[in-house]
Structures are given as structure tokens and as C-alpha cells.
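We did not get these values from a lab; they are worked out from the coordinates using the rules stated. Computed from a predicted structure; not experimentally measured. Glycine also receives a Cβ, built like all others from the backbone with ideal geometry; neighbour counts cover every protein chain displayed.
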Amino acid sequence: MFKRTLMAAAMAAVPFSAQAAQSAEDLQKQIDILAQQVEALQKEQGASSNPFGKVSIGGYGELHYNHFNKDPEFGGKQQNDEVDAHRFVLFFGYDFTDKVRFFSEFELEHGLAGEGKDGEVELEQAYIEIDTTANTKLKLGQFLVPVGIINETHEPNTFYGVERNRLESAVIPATWWEAGAMFSQDLGAGLTYDIAVHSGLDFQGSTTSIRGSRQKVSEAAANKGAATGRLRFVGIPGLDLASSVQYQQDVNQDLGPEDVSARLVEAHARYTIAGITATVQKARWDFNGFNTGADRQDGELYELSYKATEKLGVFGRYENINLLAEDGTDNEASMISTFGVNYWIVPQVVVKADMQNVNYKNSTEDDKADDSINLGIGWSF
């Protein structure tokens, strides 16, 4: 509107008498010059005819159907099959300048939240990111912890399997966010590192469950914090190597009967060539101070996938998970095999199907209660 008004003013300023015979071509040149001046002025002052031009919106979601084995002859239990609007997530961002921006992630889980309902409404991310130099960044606020593969990139069209793998969900545990500050630097040649100081886990009231100890930055106990560092290399086409280490001084937040320090070490390697992707990942928690002896929880994952076409991919995955109870005995020591297929309708929309077999190492019988056939659809934008 501003540009058109100036153009009209320029035309009106041309005297109708002596310059009336001026050619249309000369008049158009004057208009073009004026338009260029207006555009340059807008850029210089940061003006925009669209007040939402600096706002970014995105999101993702996934819907699952799980059919559980119920045959008592094979250890099945009479439990309900489930259909679940597992996640609905919206991203909102805003660019204050070219170097300072805001990002947030808002999520509804399991379709319905409230008292007595299965779902939760969660603020997963809300941080300010600052480009401190050309190759360094600083995050301040609530962000995803730089550990593992899925924790920072978990849109359903980016991974195989209807449900997220057990290693990342139970041991790491994704999705995992904390509040604090994180500094990141690109060293060049595909090498980067991240150093974060942030809030930590709280084992009070959750026995030794790592996943259950996430505080989700909700009036979180902050007597003791945590620090995480990650080194990553992607300098060879198709290769992704990374390792993360986290230390927390006391996972009881100074409120338990004893101080329990914790260290998490995670490493993974992923290589893709000719549509074939091989992934190896391991993660281990070591706890020092539990009187009951629950001093270690760990797991490993091996996955092989083949993307036959741009739309169709198949995969197989094996996981070996060891979670401990307070008395140091196996709480969930399991071997999990998953085989399935992904079909991308478009790159951002995927339909999935898989079969999962779960064997518990400490079971006295052939316990197949968690064997399942799973279907899902996911999207991101």
C-alpha cells in the first residue's frame, strides 16, 4: 500500500502541461526508480508489509493402533487393543533479528488431558537462540538435551517403527527436555560440539525409573543441576557419529536418604549408502550411592533399514535393555525384536506397520504379553 501511494504521488507530481507529451516509456522508468528506492528504504528500516513475516509455524503428529497378543497358550494376556492419538505438536517461532530468534514446542499427548485422563499438555521447548558468531550459537531457556538420535529429531516421518525404540524412550529417555543454557560451535569439516548446563532428574517418588524421573521443568526441584556435552561428526557423506556424556551430582536433588551421583554415556554410529542404513547405538547410566545396589541401567540397539524407493522402506531392529529395580534385581531386562515397513505418501507423511516381539530375560515362562502388531500414520510440516 505504501509503495502504491508513493507511485501515485510521483505520477501526480508530473506537470500535465510541458511533460504531458513525455513518452510512456520515460514515465515507467521514473516509476521503476522510485519503486527501487522505496524497497531499499524498507530493507534498511526492517519494514515489512506482512506483520507475520518473522513468525514460523510447524508441527507434527502421529496416530497409532496396537494389537497385543492375547493367546494364553503363548503367554498372552487379556488386554485391550488400543488406538491412540499419541501426539499432536505445534511449533511456534519468531525471528527478532537475523541473529536472535525464539522457538517453542507445544504438545498434547494421548488425545485428551485433564484429571483422570490419559493425556498431558506439555511445553517441550521454549528458548531464545542467539548467533554469537558466524559459527557459534547460544540457547537460553527450555530445550531438548543433546543426547541420542531421536531426542532432538523425533518427527514420525524421520524414523522407522510405529513406536519409538525402547533404548531411547526408556534409557535416554526421549523426549527429554531441561531448562538452562547451551553453547554450540561448528568447528568445520563436519565437526560440532555442544556444552549445556541445565536442570536435572529427580528420583524422589519414582524409585529408579529414569523416564519417570524427568521433571519436565514443572516446578522442578533445582537443588542440584546437571551438565551435558556432545561431540558430533558428519563430515563424510552418509556418516553420522556422535557421543554424549552427562553428569548429575545428585539425582535425589538433596532430598533423599543419600546423595546419588549419576553419569550417562551415549554413543551412536549411523551410515547410509545406496539406500541401506546401518545404525548402532549404546547408552549406559552409572549411579553411585544407591544403598540397594541399583547402580547401572543400560541398553544397546542395532538397526538395518533399506529404502527401496523414495516412498518405500523396510527395517529390522534388535534391542537389549537392562533396567533395574531398587533392590538391584532386573525390573525390565528384555530383548526386543521389531520388523516393519514405512511408506511415505509424500516426504512429510508416512504410514507405518511393524511386528514386535518382547522376551524378558528374568521370566520363568514364555511371556509374550507385550508382543504386538502395530499400525500408524504420522506427519510433519
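Using the empirical formula 2.2 N^0.38 Å as the baseline, the Cα radius of gyration of the range 214-280 reaches a ratio of 1.60.
A Förster radius of 41 Å combined with the Cβ-Cβ distance from D32 to F92 puts the calculated FRET efficiency at roughly 0.60. Projected onto their three principal axes, the Cα atoms of the range 143-192 cover extents of 35, 27, 17 Å, largest first.
Considering all C-alpha pairs of the range 96-251, those separated by over 28 Å amount to 24%.
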